[in-house]
Structures are given as structure tokens and as C-alpha cells.
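The block underneath contains the structure these notes are about, expressed in C-alpha cells.
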Amino acid sequence: MRSDQNISNVHYRPMRSHYISDAVKLEEGAEVTVAGWLHEIRDIKKIVFAVLRDRSGMMQITAKRGAVADEIVDLLIQPKETVVSVTGKIVKGKGAKAGVELIPSKVEVLGKVYGKVPFDVADKEKIPELDVRLDNRHIDLRRPEIQAIFRVRGTVQQAFREYLLGKGFEEIVPTAIVGAATEGGAELFPIVYFEKEAFLAQSPQLYKQMAVMGGMDKIFMQCLVYRAEPHATTAHLNEAYQMDIEMGFADDNDVMDVEEAVLIHILKSVAEKRKPELEMLKSVVNVPTTVPRFTYSQLIEKLQANGEKIEWGDDFSRAHEKLMGELIGSEAYFITKWPTKLRAFYSMPSKENVEICNAFDLIYRGLEISSGAQRIHDPELLAQQIRNRGLDPENFEFYIRAFKSGAPPHAGWSIGAERITMKICSLDNIRETTLFPRDRMRLSP
Ligand code: ATP
Ligand code: MG
């Protein structure tokens, strides 16, 4: 059942008088019209039992021949998943599962089933493979535990926005079409843009930095990003949704303070507002009071002390990220002060040691859910860093020129909405958290 209290506050000339979750709370004898899908139907001749499902829950409809006119009983006998509206009286008794049933006085078929429904929504034993489910997402979504994932994700995104608005951040929308690669990467989807070469944006990086350069120095955004990475893992999509901030007059520690508070607010909101959904998903959300920070070097030492074969300068594997969480004893932690060569060229080198930079990752339940950094705001240092990597600053002129007209120190981060939702819901495949995932193989529906 949904945990929203205000589910029925909005009625646009409704075809129903109540959602099921509200109808079942009414007094005995109340007249209602409910509408949804036939989840179950059982015809034992003298009596027909149906279970109606809407987005709020399920309710039994009981039609006893003799007590209910035959034409109404007959109309109720439809294939599962037929869309119907039923008007009737609420009866409270021990007969129905929830102790409430509806005795119909009118049945209307609103949407027929033609042929065979691809799989049985009500069968909890025979759940098809993920691929079959995704091919039929409109059926898959009818299962309450699948809707639960998207309600959790909605709450994650709402909590992100609500926290930042409350702290004086302003929302912006970047573009998704770019003429050049922001990160200089090859993993871009080219598109046809009139007679020009263009790509889908792999990150809103430069755009959020430009908003800060323009004087909007506390901004956030949510946007789709596109990465033409050919890998097929359970933690990568080719189209992902990022939740980003960028802050002027700030460094890595300042934006980690914000990220720590945002993460705690997100987890708290989900734990409070999505209890039934979490229960359905068999996941428990713990709300931390702090998110500890460890430098890259400290964590390398921890791993080495634990017998892991890893050297300073190596990147951590997924297994390391998981193990470090166990060693630290925290579901969420930051990895700070990375080797410069492991991070994007625009990461600010640390004042004390240029081999180390002010970049960080946030790990939650053994997975990187976010990356961030203080950015280089000096165009000469930026060109130098590009040259240090054996690249030609000429090719990055579009990026470098943005910092030539007065750029404040600034920093930001990005959380992957699907990754955080996946971990909150204790799911093992990121595809579960996006309605219509895009991966190497999947381009439909
Ligand atoms: P990874 O190393 O795990 O591939 P990344 O470091 O390349 O990720 P970033 O560029 O740091 O990713 O992107 C910021 C955040 O966006 C990541 O921390 C992650 O939560 C999310 N993200 C990045 N790439 C993907 C992807 N392909 N699919 C889903 N989410 C992603
Ligand atoms: Mg990253």
C-alpha cells in the first residue's frame, strides 16, 4: 500500500470516487467507485471473487449470485488484467483478506485484454527474467514491488532538491547537446546536428562551472547524461540521471559538507516516507549521523595492512570499495585527496603536493555513488595540467577560455540517481532502477 497521505487529494473529474487505500478505510455501507486492473478472479459458480488493484493497493470484490444481479456478476468475469471500474457498497467482515470487501452494484469494462498478457502479474512464484520484464515494462510495473522502486527513487530526487532549495541553492538546466567533449573523452554518442558534428553530453560539468562563473554561485541540477561505454556491468547504464551541485568560493571540503548533509537528508526522507515500499523490497535504510572522510593514502595503507595487493597510485576495485567499508565500519564514506593522475584533468592539485588533488568519491554500501572535486579555476594551470597528460591545450580552448574572464575558486559533485536508488533498495542490478534502461543491447521499449 502507498505511504503517501495525500494520494487522493487530486481529483480531475475522476472515473473513481476513491483510491482503494482510501476506500478500505471507509465505514460499512459507504458507496464508492474504484477503478483499476483485475488482479485475480475466482468464479465458484454461486459466487465470484475478484481482486481489484490500483496504484494504492488491492481490494476484494464479492459478487454473490442472487444478492447481486446476474448481469453484474457476469460482467465481472473477465480475464486477469482487464481494466474495470466497480461501484458498490463497502462491507466489513472476516471474509476478505483485508477485512473489507466491495459488493458491486455496477461494473464497467474500461479496457479489455486482447490475447495473452505476457506474464502473470499476480504470480509471485514465477517471476520472469529481467530481460522479459524490461521488454514488457508496462506489465512489470504493475507489480507493487516494482512501483515501490520508483517511489523510492522519486523520494530520493525530491529530497535532494528540497534540501538544496532550503539551503539557498538555485536550480539550473544544462544542455544535453554539445559540440565538443567536456572531459576530452572518447565515450561519446555522436548525433546528427544539421551539418555539424555534435554529441550527447556525457556530463554537465562545464555548464555548471559556467553558471558559477556567471555569478550564480550555489547551483544544483538533475539531468540525463550519456556515456558510450561498451561495458555490460550491473552498475552502469549508457543513459544515467545525475544529481549535481556546483559552488563558487568553495573547496572540496566545503562541498563534501554539503554532500554529507544531502546524503543524510535523502536517507532520512526515504526511511521516514517510504517504509511500506522498503518493506516490500526487503531493504532496511540506516540513517548515519556522519559520513567519515579518509584520504586515498590512508585507505591504501588500510588495505595493505589487511593483506591486499595494492600500491599507491592504483585505482580501487569494486571489491576494495566494499572491503574498505567493512574495515571502516560505515556504509557511507568519502575517499579524499586522490593521486592527481587518477582523476580528471580539471581537478585542483593540492597546495602541499601536486601529485595529490582535491578530488573525492562517496562510497555507499560498497559502490561509488558520487564523485566530486575542487576544480582548477586558473586557465594557465588548467593548460599546464592538460599538457602534463600529453594532451594539447589547443583542443580544450573552448573549456579553458571560460576561466579567462574572472573565475572564482569552485567545487562540485555529482550523485548517480540510479546508483543511490539501487543501494537504498538493496537491488543487485542498476537496470531495476530506471524505467526504460539503455544499455549496449537495449534500445527499446
Ligand atoms: P565509474 O568509475 O563507476 O564508472 P565514473 O567515475 O566514471 O563511474 P563519474 O564521472 O564520477 O562516474 O559520474 C558521477 C556519478 O554518476 C558516479 O559516481 C555514478 O554515481 C554515476 N554514473 C557515472 N557513470 C554511470 C553509468 N555509466 N551508469 C550509471 N551511473 C553512472
Ligand atoms: Mg567517479
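The values are calculated or read from the model by the stated rules, or taken from the named source; none is laboratory data. Quick caveat, the model's predicted, so the values are computed rather than measured. Reconstructed Cβ throughout: ideal geometry from the backbone, glycine too, with neighbour counts over all protein chains shown. All accessible areas refer to the heavy atoms of the entire protein, side chains included, with ligands and DNA or RNA removed. Shrake-Rupley method; radii C 1.70, N 1.55, O 1.52, S 1.80 Å.
Structure notes:
- Normalised by 2.2 N^0.38 Å, where N counts its residues, the alpha-carbon radius of gyration of region 156-305 equals 1.25.
- D315/F189 FRET efficiency (R0 22 Å; Cβ-Cβ; nearest 0.05): 0.30
- Rounded D (µm²/s) - region 327-368, Kirkwood Rh over Cα pairs, Stokes-Einstein at 37 °C, 0.692 mPa s: 296 µm²/s
- Set of region 281-300 residues, backbone N closer than 20 Å to the point 7 Å along the Cα-Cβ line of K268: 284-293
- Highest-fluctuation residue, K218, K268, K25 considered, GNM on the chain with Cα pairs under 10 Å: K25
- With the highest mean first, a sort of the peptides 367-378, 197-208, 42-53 on other beta-carbon atoms found within 10 angstrom per residue produces 367-378, 197-208, 42-53.
- 22 Å Cα-Cα reach of K25 towards lysines, excluding residues that sit fewer than 8 places from it in its own chain: K89, K92, K94, K97, K106, K273, K275
- Residues K25 and L342, FRET efficiency given R0 of 56 Å [Cβ-Cβ distance, rounded to 0.05]: 0.50
- Counted residue by residue at 0.36 nm each, then reduced by the alpha carbon distance between them, the extension gain from E279 to I47 reaches 80.1 nm.
- For the pair I77 and M15, the difference between a 0.36 nm per residue extended length and the Cα-Cα distance amounts to 20.3 nm.
- Here the label points at E368 and N388, each 7 Å from Cα along the C-beta direction, are separated by 1.9 nm in the simple model.
- Residues E352 and I127, FRET efficiency given R0 of 51 Å [Cβ-Cβ distance, rounded to 0.05]: 0.40
- Relative to its Kirkwood radius, the Cα radius of gyration of region 355-445 gives an Rg/Rh of 1.12.
- Convex hull volume of the C-alpha atoms in the chain, normalised per residue: 187 Å³.
- Under a 5 Å amide H cut-off, with hydrogens placed 1.01 Å from N, H18 pairs with T33 among residues at least 5 apart or on other chains.
- Counted as membrane-span-like here are DSSP H helices of the chain whose alpha-carbon atoms extend 24 Å or more along the helix's own axis and whose Kyte-Doolittle mean is 1.0 or above; there are none.
- Here is the tail figure for region 113-209: Cα pairs spaced more than 16 Å apart come to 72 percent of all pairs.
- Alpha carbon centroid spacing (whole Å) that separates region 66-121 from region 366-445: 51 Å
- Surface accessible to a 1.4 Å probe, per residue, for the residues of the chain, Å²: 49 Å²
- Note on Q304 and A232: their simple-model spin labels are 3.9 nm apart, each label 7 Å out from Cα toward Cβ.
- Accessible carbon and sulfur surface of the chain relative to its total accessible area, %, 1.4 Å: 52 percent
- Distance between region 144-216 and region 275-311 - C-alpha centres, whole angstrom: 26 Å
- Computed over region 43-123, Kirkwood Rh from alpha-carbon pairs, angstrom: 13.3 Å
- Computed helical MRE - 222 nm, the chain, DSSP H runs ≥ 4 contributing -39500 (n - 2.57), nearest 500: -8000 deg cm²/dmol
- A simple rule links phi to the HN-Hα coupling: the Karplus curve 6.51 cos²θ - 1.76 cosθ + 1.60 with θ = phi - 60°, which for region 107-119 gives 10, 10, 8, 9, x, 7, 9, 10, x, 9, 5, x, 8 Hz, with x for Gly and Pro.
- Spacing of the modelled spin labels on E197 and N429, each 7 Å from Cα toward Cβ, amounts to 3.6 nm.
- Farthest positive-ward along the chain dipole, Cα basis, beta-carbon charges - from S405, M243, A69: A69
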